[in-house]
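Step one of this worksheet: look at the structure below.
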Amino acid sequence: MKQRIYLCLAHMSGNEQKFIQEAFDTNWVVPLGPNVNGFEQDLKEYVGENKEIVALSAGTAAVHLALLACGVGPGDEVLVQSFTFCASSHPITYLGATPVFVDSENDTWNMDPVLLEEAIKDRIAKTGKKPKAIVPVYLYGMPAKIDEIMAVAAKYDIPVIEDAAEGLGSRFDGQVCGTFGEYGVLSFNGNKMITTSGGGALICADADAKKEIMFYATQARENYPYYQHERIGYNYRMSNICAGIGRGQMTVLDEHINHHKHTYELYKELLADVEGITLHDNPSERYDSNFWLNTITLSPELRVKGEDMAYEAAVSGAVGGAAGVTHAAESLHTDCEPNRNIEAMRMALDAAGIESRPLWKPMHKQPVYKDAPAYVNGVSEALFKVGLCLPSGPCVTDDDIRYIVEQIKAAIVR
Ligand SMILES: *Cc1c(COP(=O)(O)O)cnc(C)c1O
């Protein structure tokens, strides 16, 4: 029996246990210590640009603290890419602020700089206030048009928080994504480019910014011999054990990125002659995606076997269901869902032991955000209906990819 092929599973280097053992041996089993410092140093050297790093308990925590540091509070608005995972926007609501969603452009699938400027002008006209921050995302690892986004941000003097949770090691014009804005968010969840089992980090501009983030990440304690609190803080620091895993993972970061890029090359070669299927690609030489997830789009005309069965039965375990953490679906359909041929392809691959997943559903189409303002051009919604993520992680072999493409071809009605 062939082993199931997953999108992106964690892959250990073998060096993790040494760092964890050291933590136990030296009794640093706490949310600070030599591994935390070492991991931050490794990341600092990796991202360059004279940045500082704070290791945190999750990427979501990094988004939350970056927003806090940008002064986001109740009644404020934050401009955020709509085509993203919910962790880019949820923390805006934690602070009592309102996300204002901005749609994507077709080249990178990330925040459209033109629409961003329209949104800024319109928010100022409508509310009399500037949005407090801009959150572009490097979806599936693809660099955004960050030069144009930074130019718009500078024009209106609004800080940028880059959500590089999926884009660790991606580059734009040779510069590491997450180092262009005021803050950059990284994630080390189990399915990301590298993992600390769960964790994240915030890339900060300088030592002062780092100090402020550390303050809020450790319950905002004032400098007294007793606990004195003048602000609300959070318990968001990374543990020294998780950071030990992170140090081990840093020894294979380049290897992982190269492997993801290799899976892209192989998909590109094998899918080249498959009519009706397009692999998402770097728009030009300036973009250097880490290809965290390879994604394809299916032409609506492409007929896939089993389309008549698509959406006929409620799924269990499609996304996040494995751990039993999802609510049961209330209906088989929503008012915005992938085309039948996408669902049929997902089911065909699933039956062949291959995990695939529709593109992330845009936040402006999520019921929980139905009242949030959105600046929309149709791009993310159209992509959501035609796109699928394919296995791309370090455990996916060349043979796996040949098998996946064979199964994709076999599912097409010719
Ligand atoms: C994974 C992810 C996050 C959050 O990271 P966690 O470590 O899972 O909290 C944020 N934004 C995007 C786009 C992500 O994919």
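The values are calculated or read from the model by the stated rules, or taken from the named source; none is laboratory data. Quick caveat: nothing in here was measured; it's all calculated off a predicted structure. No Cβ is skipped: glycine too gets one built from the backbone with ideal geometry, and neighbour counts run over all protein chains shown.
Just so you know, in segment 195-239 the residues that are more than 30 Å from residue 149 (Cβ to Cβ) and of a type in the set (A, V, I, L, M, F, W, C) include one that is surrounded by the fewest Cβ atoms within 10 Å (Cβ to Cβ), and it is 232. Scanning segment 146-174 for residues that are crowded, with 24+ Cβ neighbours inside 10 Å and either over 18 Å from residue 204 (Cα atoms) or within 16 Å of the ligand (Cβ to nearest atom) (or both) turns up 146, 149, 161, 162, 163, 164, 165, 166, 167, 168, 169, 170.
Residues of segment 101-115 that are out of contact with any Asp or Glu (no Cβ under 7 Å at 6 or more places or on another chain), in contact (Cβ under 8 Å) with a residue 60 or more places away in the chain, of a type outside the set (D, E, K, R) and not in a strand (DSSP E or B): 106, 108, 109. Within segment 114-130, is there a residue that is more than 16 Å from the ligand (Cβ to nearest atom), at negative phi, crowded, with 24+ Cβ neighbours inside 10 Å and under 20 Å from the mean Cα position of the chain (by Cα)? Yes, segment 114-130 contains a residue that is more than 16 Å from the ligand (Cβ to nearest atom), at negative phi, crowded, with 24+ Cβ neighbours inside 10 Å and under 20 Å from the mean Cα position of the chain (by Cα). Residue count for segment 73-88, restricted to those that are more than 9 Å from the ligand (Cβ to nearest atom) and within 19 Å of residue 375 (Cβ to Cβ): 7. The listed residues are 266, 332, and the only one of them that is within 24 Å of residue 401 (Cα to Cα) and either of a type outside the set (Gly, Ala, Ser) or surrounded by fewer than 20 Cβ atoms within 10 Å (Cβ to Cβ) (or both) turns out to be 266.
Look at (1) within 16 Å of the ligand (Cβ to nearest atom); (2) more than 18 Å from residue 113 (Cα to Cα) and you find that residue 139 fails only one, number (2). Checked against the criterion of being modelled with pLDDT of 85 or more and either on the phi < 0 side of the Ramachandran plot or not in a helix (DSSP H, G or I) (or both), the candidates 315, 368 yield just one match: 368.
Condition test on residue 61, is it over 21 Å from residue 156 (Cα atoms), within 12 Å of the ligand (Cβ to nearest atom) and touching a strand residue (DSSP E or B) at 6+ places or on another chain (Cβ under 9 Å)? It is true that residue 61 is over 21 Å from residue 156 (Cα atoms), within 12 Å of the ligand (Cβ to nearest atom) and touching a strand residue (DSSP E or B) at 6+ places or on another chain (Cβ under 9 Å).
Once segment 179-194 is narrowed to residues that are in a loop (DSSP other than H, G, I, E, B), buried (at least 24 other Cβ atoms within 10 Å of the Cβ) and more than 7 Å from the ligand (Cβ to nearest atom), the residue that is nearest to the chain's Cα centre (by Cα) is 193.
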